Amino acid sequence: MNYTFDYGWLLVYWPVLVKGIGITVELTLVGGVLGVMLGIACAWARALGPSWLRPFVAGYVELIRNTPFLIQLFFIFFGLPALGLRMGELEAANFAMVINLGAYGCEIIRAGIQATPSGQFEAGASLGMSRIQTFRHVVLIPALQRIWPALSSQIVIVMLGSAAVSQIAAEDLTFAANFIQSRTFRAFEAYFVATLIYLALAIGLRQALRGLGWTLFPRRTAR
Amino acid sequence: DALATIEKDKVIRIAVPQDFPPFGTVGADMEPKGYDVDMAKLIAGKLGVKLDLVPVTSANRIPYLQTNKVDLVISSLGKNAEREKVIDFTTAYAPFFNGVFGPADVTVKDAAGLAGKTVGVTRGAVEDLELTKIAPADLTIKRYEDNNGTISAFLSGQVELIATGNVVAAAILARNPPKKPEIKFLIKNSPCFIGLNKNEPALLAKVNEIIATAKTDGALDAISQKWLGAKLPADL
Amino acid sequence: MSLIEITEVKKRFGDNEVLKGINIDVAPGEVIAIIGRSGSGKSTLLRCINGLENIDEGSISVAGAQLLPDELHLKALRLKVGMIFQQFNLFPHLTAGRNVMLSQMVVKKTPKAEAEAMAKTMLERVGLGHKFDAYPDQLSGGQQQRVAIARALAMQPIALLCDEITSALDPELVSEVLAVVKELASEGMTLLMVTHEMRFARDVCSRVVFMHQGRVHEIGKPEEVFSNPKTPELQQFLGMTH
Amino acid sequence: MSLIEITEVKKRFGDNEVLKGINIDVAPGEVIAIIGRSGSGKSTLLRCINGLENIDEGSISVAGAQLLPDELHLKALRLKVGMIFQQFNLFPHLTAGRNVMLSQMVVKKTPKAEAEAMAKTMLERVGLGHKFDAYPDQLSGGQQQRVAIARALAMQPIALLCDEITSALDPELVSEVLAVVKELASEGMTLLMVTHEMRFARDVCSRVVFMHQGRVHEIGKPEEVFSNPKTPELQQFLGMTH
Amino acid sequence: MDEFTTWDILRNLLLAARWTVLLSLVSFIGGGLVGAALLFARIGSGRIGPTFVKAYVELFQGTPLLMQLFLAFFGLGLLGVDVPAWLAAGVALILWSAAFLTEIWRGCVEAIARGQWEASSSLGMGYVQQMRHVILPQALRIAVPPTVGFSVQVVKGTALTSIIGFVELSKAGTVVTNATFEPFTVYGLVALIYFCLCWPLSKSSQILERKLNVAHRNH
Ligand SMILES: Nc1ncnc2c1ncn2[C@@H]1O[C@H](COP(=O)(O)OP(=O)(O)OP(=O)(O)O)[C@@H](O)[C@H]1O
Ligand SMILES: Nc1ncnc2c1ncn2[C@@H]1O[C@H](COP(=O)(O)OP(=O)(O)OP(=O)(O)O)[C@@H](O)[C@H]1O
Ligand SMILES: [Mg+2]
Ligand SMILES: [Mg+2]
């Protein structure tokens, strides 16, 4: 097969790609920040929260973790309006990513919390801190530090998973690739370029998260 | 030479949609059916070879062709200059009346009236290409992956209007949805073409010949009556 | 008047009665060593006094106030009684200085500048003024334990509970921590310490409590207890460790 | 003739020269205690003798054979010299008996029945014949360490290296492990042990090596070293721990 | 268009779900084998092995599975290699699973205390013997829960094979929706079937993990 690759379309369609990258990055930022916050809240509820709250959080986590992201997205975008809750595609995409990362983050962060030596809780208590104060000032940061690599990987996974939001017409990077190929029929070239950009975004994101880890958590010396 | 291979192997592989009623959809037995499917059957019959139907999506139909996994794409393809650089098109085989549809309480009479509105469309479909050409500056076009997305977006109120084929709109109406898509204006009658790889003059000529015959002997008209409920327009 | 009154305290874990009726009165300024075999209930007793465990029967009062198991009373108690643990339990994500500042700022709402000044003072007091900005894992075990002491002192408690605070330390680091404790004792701090350091108990403490199977088996001045153990259990215990 | 000859051994970790030219000759049947501050290089020395670390300069020979850092020589060496660690390092997925059998079967290709008999014998020897089928986490620290000794003995080494083998044990469990070591010493096993148990070193060892900053600072009979330390460093070290 | 009954919908979705199950099995087992080979290359000594595996993992974990599937199927086609869809889907999913499994397992091997390596070295065991008798038996135990947990991701990952023409559960959902215009029923059923496939896996992963933690204390 002598197919000749042609990247001439890049000259015309680069604004579409740039816009797509922008949306993917924005989705990742919003989803990452709010998702981790939701994850922390849920992890607290599951590990240390009141017992009546735990089954609800557990149900949410199980539901999200055992269904594909795409189906969640469809439900939020096409299903929720039936209940009178209408979101635009970007809000829906953001919302889906937040609740998705929230569920995975919950389990990861919970593991970090449960690995906290009981002495830390006791030290907090013996200094007169309340349970919430102990969680916030004593437990949380080391717990996040413990699971930061796992959480970072999950954020990258969610970023790559965001490719699915093109299905509800959110104009992310995958949408851009699809759009370009639907106009030019240059599918390989469009997907190949998109793949490279995703790879660069993933590597960049991982580095950024590592850097964030360095600034959020004090350096640990060997021994 | 694709035609020689087809005749030698006694089989033709044709890509058809399965998410675009009435051109391509599935029955309860999950077998493809529709205008494009019947067209494929017609061509295979005329060539006297076995038909191998390959269901495709709008995202992968052209790669199927380019990697030689199919010989023809019959997938209500619209034609434009950019696409013509990549693949060849036969003569038109089907009419496509596309227009902008919306609920009764939205008043739009022409393209200019779309200003400030949001229109849903299936990405890469004929109507997407046509609507994009005539769209006023502040029209928001939401492009969905497939027809299903477009319809769901309309029914769930995510877009006020949709641009689609009149037969598609009729299909929605037939299910008596809470929101009825009524015709606002026609965009353009842009016919559909069969796609095939470049540098296949023999196959192109043969398929063009089959289409021409089918137009005159009433075969195509029958397909049109069956799926579109209308005669084949004379100017096709 | 006693500062800490422990009256008929009982504590069960399931079927296991760990404290079987403990009575101890601690006067202000007293330094009490608690000794005994592993599992005799020493840690449990200290943890009950600090409210880390609820007691099943009996009562504990500190500076006249009864120990009740609700957040408010517990907090009030813990402002009066500090605790230091075998495993230091410093907060690993905070510098030494921040470790000492945190509870002041969070619990007492002390303004930052004031908390910082207090932290400096307390770290000086344990000989670690220069380690204000060091993280716990940059400190030796002995230094970490001294920071933990400074952290407890910064809450200005009227008594300190110490649970085997030198047991996790390398032998050569024990003395630096004991020196700090000795200093505190001489300044009049009330101390209850579980310890295996018999020599230290003999030299510094005003009274020694020997616990055995959840009971106070012997109690008295160190000279009496060590030189003249009355019960065979204590005799055996002292023989074993020395 | 010496069994283990350590000649001018140097070892660096990056810029940090941890061993700065060590010379020790160990005669067969000798029991040598290695003492010194934390970080003085005691563990590193033992690890070099066992080939867990490569040396940068100098030479080590065991029973006349030079220590060379290739698989074959290392394996030969390790059949002659056993090592016991502070953290026991039993294989948690195997029973005590299996722990002792594994290396015989895998390394020496001993048939199973024979390895099992040997394991029984060795576990008896450390007083744990009845724990053959117990998993490590069902044993106390002292028992685990004794299994580790049995495991090393089952390879029939001509010398044993022990790195602070009682430091991770609760005080009351230390004596049971030391009793086993004492027994081995009396049976003529050559032993090199890093230890903090000065009393044990004094009573059991034939020579004491005091390491300081990567050098053998003093070496001699225990009576000399403990009663009459020549250097201020050793004086300080001994004063510090007792 | 109205000939679909709810039973038809469910029947067709369940038939398509067979593909989801088959694909999941193939990719999980194949991914496991490839992942194990990569694991040995990754933790072994030498330069090339670890570097190669690192790059491999970076590539497959750093790009969307969707794009990988697309390029595997059509990219190979462009090179003139005609791979059938099931093979391309299988291969892409296997390579993708392998990248994740090898990382999961590496974490498990590295979680084994250094003392275990040293103790077995000091008993005279070689690298392969250590791996076989000491490290892997322990690593395997702690690897079971996360591995089973990952199988859930594989099941969900198969949804993307529709791009290369596979009519598995998700694609069947889309197709049926287009024929019925009943997105809520159809997607509700699709979600339900996925949940029924995935939840037992997640749950058993959790149970295994809990068991393991208990077993760790007393056998
Ligand atoms: N949280 C708990 N749940 C159940 N039993 C407990 C708990 N804490 C302690 N125990 C039991 O209570 C008994 C006394 O324990 P405690 O820790 O007070 O002993 P100790 O005298 O401090 O011993 P050591 O010298 O080993 O620290 C032991 O039998 C112990 O197993
Ligand atoms: N793998 C290593 N990499 C770098 N430095 C090391 C390594 N192992 C040991 N060191 C350094 O070598 C020096 C000696 O360490 P070593 O463990 O031999 O001391 P030690 O005398 O056994 O001390 P301790 O009594 O604390 O066990 C220390 O400064 C230590 O930090
Ligand atoms: Mg205790
Ligand atoms: Mg050491």
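The values are calculated or read from the model by the stated rules, or taken from the named source; none is laboratory data. Keep in mind the model is a prediction, meaning the values are calculated, not measured. Heads up, the Cβs are rebuilt from the backbone with ideal geometry, glycines too, and the neighbour counts pull from every protein chain shown. For the accessible areas, the whole protein counts, side chains as well, though only heavy atoms, and no ligand, DNA or RNA atoms are used. Shrake-Rupley method; radii C 1.70, N 1.55, O 1.52, S 1.80 Å.
Any chance you could give the angle, 0 to 90 degrees and rounded to 10, that helix B:219-228 forms with the longest Cα principal axis of chain B? Helix B:219-228 sits at roughly 30 degrees to that axis. Computed from Cα atoms, the angle from the helix C:141-154 axis to the main principal axis of chain C rounds to 80 degrees. Here the range E:1-66 and the range C:83-100 have alpha carbon centers that stand 46 Å from each other. Given 4 °C and 1.567 mPa s, how large is the Stokes-Einstein diffusion coefficient of the range E:6-217 in µm²/s, with Rh as the Kirkwood radius over Cα pairs? The estimated diffusion coefficient comes to 68 µm²/s. How much of the DSSP bridge set in the protein assembly as shown is antiparallel, in percent, rounded to the nearest 5? Roughly 55 percent of the beta bridges in the protein assembly as shown run antiparallel, per DSSP.
Shown are C:46, C:72, B:228, whose ranking by accessible area with a 1.4 Å probe and every protein chain present, most to least, is C:72, B:228, C:46.
By how many degrees, 0 to 90 and rounded to 10, does the Cα axis of helix B:201-217 deviate from the longest principal axis of chain B? Here the helix axis deviates by roughly 70 degrees.
Gyration tensor analysis over the Cα atoms of chain D returns equivalent ellipsoid semi-axes of 30, 22, 15 Å (largest first, whole Å). Surface listing: D:94, E:192 arranged by accessible area from highest to lowest gives E:192, D:94, probe 1.4 Å. The spread of Cα positions in the protein assembly as shown, taken along each principal axis and listed from longest to shortest, comes to 123, 74, 51 Å. With helices as the sole contributors, chain B gives -10500 deg cm²/dmol at 222 nm; each DSSP H run of n ≥ 4 counts as -39500 (n - 2.57), and the sum is divided by every residue. Sorted shortest first, the distances from the residue D:129 label point to those of the same residue in the other copies are 6.6 nm; each point sits 7 Å from Cα along Cα-to-Cβ. Determine which lysines satisfy two conditions relative to residue C:112: a Cα distance under 27 Å, and not lying fewer than 8 residues away in the same chain. Within reach: C:75, C:80, C:120, C:131. Net charge of the neighbourhood of residue D:133, taken over other residues with C-beta under 13 Å away and scored Lys/Arg +1, Asp/Glu -1, is +2. Probing with 1.4 Å while keeping every protein chain in the model, the per residue accessible area of the range E:6-217 equals 41 Å². The Cα center of the range E:89-113 and the Cα center of the range B:23-87 differ in position by 39 Å.
Need one number: the % of Cα-Cα pairs in chain B sitting beyond the 31 Å mark. Taking all Cα-Cα pairs of chain B, the fraction more than 31 Å apart is 23 percent.
Sorted shortest first, the distances from the residue C:68 label point to those of the same residue in the other copies are 8.1 nm; each point sits 7 Å from Cα along Cα-to-Cβ. Contact order for chain A, expressed relative to its length and based on alpha carbon pairs under 8 Å spaced 6+ residues apart, stands at 28 percent. Between the listed residues B:107, B:210, B:150, the Cα displaced farthest toward the positive end of the dipole of chain B, a dipole computed from Cβ unit charges relative to the Cα centre, is found at B:107. Loop-located trypsin sites (Lys or Arg not before Pro) across the range E:36-75 with a Cβ neighbour count of 16 or fewer within 10 Å are E:47, with loop assigned by DSSP.
Largest to smallest in accessible area, the residues A:5, D:132 fall in the order A:5, D:132 (1.4 Å probe, all protein chains included). Taking the label point 7 Å along Cα→Cβ, residue D:168 and its counterparts in the other copies are spaced 1.6 nm apart, in ascending order. Taking every DSSP beta bridge that has both ends in the range C:109-242, the antiparallel portion is near 50%. By a 1.4 Å probe calculation restricted to protein chains, residue C:118 has an accessible surface near 40 Å², given to the nearest 10.
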